[in-house]
């Protein structure tokens, strides 16, 4: 295709005048060409207002939600405090049980000492009994020896008589 040549050539000054003229009359021409443009602007304005109202409502809902979350966190904090108190009570109970075990340990130590004393007494009694048995054995040996000697003397005296 062959390039089209402009029907008329315009200089820069003429183009500037045309541009100014178009700029100054463009809005009027647009309104005349499309009367619904104002309606569109009004519709857009109404939609913007509705969007702003919805955003405001969403903000209120979010504030309310955040308040609920804050309340829930406070409840959770209270529960944690209760759990902490319960743990402290359990710790105290364990300490009491520990003290009781220490008391029982002391009692067992006292019982051990008593058993040691009883063992010492039994050992002392055993030594005394052994000493008595030894003394009895000596006495029996001496008695048997004395009786045998006396019997021998009596028998010898009877033979001589």
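The values are calculated or read from the model by the stated rules, or taken from the named source; none is laboratory data. Remember, predicted model here, so these are calculated numbers, not experimental data. Using ideal geometry, Cβ is built from the backbone for each residue, glycine included, and neighbour counts are taken over all protein chains shown.
Does at least one position in segment 154-161 carry a residue that is surrounded by fewer than 10 Cβ atoms within 10 Å (Cβ to Cβ) and not in a helix (DSSP H, G or I)? Looking through segment 154-161, at least one residue is surrounded by fewer than 10 Cβ atoms within 10 Å (Cβ to Cβ) and not in a helix (DSSP H, G or I). Pairing each residue of segment 76-95 that is at positive phi and surrounded by 10 or more Cβ atoms within 10 Å (Cβ to Cβ) with any residue that is modelled with pLDDT under 95 and not in a helix (DSSP H, G or I), provided the two are 6+ apart or on different chains, yields no C-beta distance under 6 Å.
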